[in-house]
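As structure tokens, the structure follows; a few thoughts come after it.
The values are calculated or read from the model by the stated rules, or taken from the named source; none is laboratory data. Keep in mind the model is a prediction, meaning the values are calculated, not measured. Side chains included, ligands, DNA and RNA excluded: accessible areas come from the protein's heavy atoms. Shrake-Rupley method; radii C 1.70, N 1.55, O 1.52, S 1.80 Å.
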Amino acid sequence: MTTKAADEALGYEQARDELIEVVRRLEAGGTSLEESLALWERGEELAKVCRRWLDGARARLDAALAEEEAAEEGPDQPEE
């Protein structure tokens, strides 16, 4: 299969599409036990790649929302 470095270079869409293909092949059956195990392991790695991308996107969204919220609050105004 591929190396960890190659997996890290995969974009989200690439990893997702390959994961879909792995699941399709597993569901179709007709593979040997060894092939099925290799597909399962590849699917697990691809799922991790997708999860890292999604976690990164969530962190960016959270940071952007926090920044927007801080900007809306503005600097502290002294009370009169």
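Of note:
- In degrees, nearest ten, helix 12-28 long axis to first principal axis of the chain (Cα): 40
- Here the accessible area of the chain is 54 percent carbon and sulfur, with a 1.4 angstrom probe and all protein chains present.
- Rounded to the nearest 500, the 222 nm mean residue ellipticity of the chain from helices alone is -28000 deg cm²/dmol, with -39,500 (n - 2.57) taken per DSSP H run of at least 4 residues.
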